[in-house]
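Here's the structure, in structure tokens; my notes come after.
The values are calculated or read from the model by the stated rules, or taken from the named source; none is laboratory data. As the structure is a prediction and not an experimental result, all values here were calculated from the model. Glycine also receives a Cβ, built like all others from the backbone with ideal geometry; neighbour counts cover every protein chain displayed. The area values use the complete protein model at the heavy-atom level, side chains included, leaving out ligands, DNA and RNA. Shrake-Rupley method; radii C 1.70, N 1.55, O 1.52, S 1.80 Å.
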Amino acid sequence: MAIVERAGLFFELFPRKYEEKEDDPFIFSTLALSVESRGSFHFYGALLMKSEYEYLISQIALMLDGELNKFILNPVEPIFRMTIEREEVILYRFMLRFQTGKPRELIFYMNDCEINRFKEELKVEMTQILPPPFLP
């Protein structure tokens, strides 16, 4: 699981199982976020497509290489929108805007070690996604 956990922050993005056999399938995933007392969000379902996970990983890699300062992930399934922006050389600002139920926005920060570990864990998880369920 790609997790960042420290005092006042828990962020998890866990690609779990392909929804169907397609070239670019949705992946059932867990997205959990808790930021101090400002709120929390937990979702399990068809969250992102395979290409959206690949895009997220590649954009984080570009940020870590210093080639990109900001990017926005607007998934096909409009459950949330993620913006990651370099604030300083080693500090990254995450903003997740949730669009289910009452719209809300949670902001948190990661340093370069945390975001790199998150990216690497996510890359590993992408190689271990379960196949879709068998449907007759």
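Among residues of the stretch 39-60 that are within 23 Å of Glu87 (Cβ to Cβ), those with a Cβ under 7 angstrom from a residue that is at pLDDT below 90 and open to solvent by 50 Å² or more (accessible area, probe 1.4 Å), sequence gap 6+ or separate chain, pair up as Gly39/Arg104. For the stretch 60-70, the criterion of a residue being in contact with a Pro (Cβ under 9 Å, 6 or more places away or on another chain), at pLDDT 90 or above, over 24 Å from Gln128 (Cα atoms) and charged (D, E, K, R) is satisfied by no position.
Taking the stretch 61-105 as the search range and keeping residues that are in contact (Cβ under 8 Å) with a residue 60 or more places away in the chain and not basic (Lys, Arg), which one is farthest from Glu19 (Cα to Cα)? Checked the stretch 61-105; the qualifying residue farthest from Glu19 (Cα to Cα) is Phe94. Of the strands (runs of 3 or more DSSP E) entirely within the stretch 1-86, those holding at least 1 residues that are under 19 Å from Arg97 (Cα atoms) and open to solvent by 50 Å² or more (accessible area, probe 1.4 Å) occupy 9-18, 39-49, 70-73. Residues satisfying the criterion are present in the stretch 97-115 (criterion: acidic (Asp, Glu), closer than 21 Å to Leu9 by Cβ, at pLDDT below 95 and touching a Lys or Arg at 6+ places or on another chain (Cβ under 7 Å)).
Residues in the stretch 107-125 that are among the aliphatic types (A, V, I, L, M), surrounded by 15 or more Cβ atoms within 10 Å (Cβ to Cβ) and outside any strand (DSSP E or B) were compared, and the one that is nearest to the chain's Cα centre (by Cα) is Leu122. The set of residues in the stretch 87-106 that are open to solvent by 30 Å² or more (accessible area, probe 1.4 Å), under 15 Å from Leu64 (Cβ atoms) and under 14 Å from the mean Cα position of the chain (by Cα) contains only Arg93. Filtered by the rule that a residue be hydroxyl-bearing (Ser, Thr, Tyr) and closer than 28 Å to Asp24 by Cα, the stretch 56-115 gives Ser58, Thr83, Thr100.
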